[in-house]
Amino acid sequence: MLNLQAATNYDDGESFANRLRNKRFSLFEKLVRQLPKPLSVIDIGGTEEFWQQRGWIGRDDIVITALNHQGLETINENFRAVRGDATNLAGFGDSEFDVAFSNSVIEHLFSFENQCKMAEEVRRVAKAYWIQTPNYWFPFEPHFHFVGWQWLPRSLRVSIIRRRRCGWRGPCGSVDEANAVVDEVQLMTRTDIKRAFPKAAIWNEPLFGMVKSLVAYDGFGKSIEDVEKSRLPGQ
């Protein structure tokens with residue numbers, strides 16, 4: 001029987017979820033491979049462990065800045081962490097970074113208005129960007145580990161999360177907490193992400209014949225379809 005907690009454990013580099021991330025990340029690597037080095041990256045919502053798992057920590061041609069609500073301790077020279085808000089990157093200048101990267105963050109902003117604010121800031125501070133988010137129409141909801149969760153009436157989702165644990169969330173001790181947990185995650189459709197990033201190309205990440213997640217990207221000079229035809233050295 002499938003253990004969903006183990007399969008979706010991102011701390012385990014060999015988990016099913018991390019293997020999917022690695023496959024997706026290989027496309028990102030192919031896109032940035034052609035960009036001039038050294039390369040400056042802002043990762044909105046990222047962690048040092050994420051980049052460590054993918055072999056980017058310790059590189060002398062990459063400098064990564066991770067922005068989070070909470071501060072993170074760092075131990076590597078090419079990685080720094082700062083506190084901040086994804087919807088307001090006022091601490092950074094226009095085109096300050098070569099690339100903005102974000103993995104499963106934009107859906108945690110409570111509203112489409114906030115998602116558009118993050119998108120606007122991403123386009124402002126970076127020359128290129130790669131923004132990934134789970135697809136609203138993929139049946140398995142990845143945060144609550146519940147098939148069709150996002151399609152249930154909101155009141156029913158609040159009722160469920162008050163009484164039981166769903167994925168990494170719940171049970172909630174109060175109605176206010178349950179409301180906040182439900183409202184925080186706003187999955188996006190392809191139409192939503194295209195509205196937020198009108199000039200971006202949108203890539204559909206496939207899984208089991210369906211679209212698992214969406215990636216909005218721009219500024220790399222090539223499409224994912226182009227780089228999928230190429231091979232990394234040694235492959």
Exercise. What ranking of 190, 195 comes out by heavy-atom accessible area, probe 1.4 Å, highest first?
Worked result: 195, 190
Exercise. Where does each of 120, 225 land when they are ordered by accessible area, with a 1.4 Å probe and the largest first?
Worked result: 120, 225
Exercise. Between residue 177 and residue 52, what length in nm is gained on full extension when 0.36 nm per residue of separation is reduced by their alpha carbon distance?
Worked result: 41.7 nm
Exercise. What FRET efficiency would be calculated for the residue pair residue 90, residue 202, taking the C-beta separation as r and a Förster radius of 30 Å, to the nearest 0.05?
Worked result: 0.65
Seminar exercise, completed: With a 23 Å threshold on alpha-carbon distance, the violating pairs from 37/194; 127/199; 30/127; 127/222 are 37/194
Exercise. Does anyone have the angle between helix 112-125 and the longest principal axis of the chain? Alpha-carbon axes, 0 to 90°, nearest 10?
Worked result: 10 degrees
Seminar exercise, completed: Once amide hydrogens are built 1.01 Å from N within the peptide plane, the residues lying 5 or more places from residue 212 or on another chain with amide H under 5 Å from its amide H are 205, 207
Exercise. For 138, 110, what's the largest-to-smallest order of accessible area, 1.4 Å probe?
Worked result: 110, 138
Exercise. Quick one: if the Förster radius is 41 Å, what FRET efficiency do residue 223 and residue 80 give, using the C-beta to C-beta distance and rounding to 0.05?
Worked result: 0.85
Exercise. For Cα Rg over 2.2 N^0.38 Å, the listed values are (i) 1.02; (ii) 1.23; (iii) 1.11; which was obtained by calculation from the structure presented?
Worked result: (i)
For this session: Compute the acute angle (0 to 90°) between the alpha-carbon long axis of helix 175-184 and the principal axis of greatest extent of the alpha-carbon atoms of the chain; round to the nearest 10°.
Result: 30 degrees
For this session: Provide the gained length on full extension for the span residue 210 to residue 70, in nm with one decimal, where the gain is 0.36 nm per separating residue minus the Cα-Cα distance.
Result: 47.0 nm
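The values are calculated or read from the model by the stated rules, or taken from the named source; none is laboratory data. Values in this document were obtained by computation on a predicted structure and should not be read as measured data. Neighbour counts run over all protein chains shown; Cβ positions are idealised from the backbone, glycine included. Surface accessibility is based on the protein's heavy atoms, side chains included, excluding ligands, DNA and RNA. Shrake-Rupley method; radii C 1.70, N 1.55, O 1.52, S 1.80 Å.
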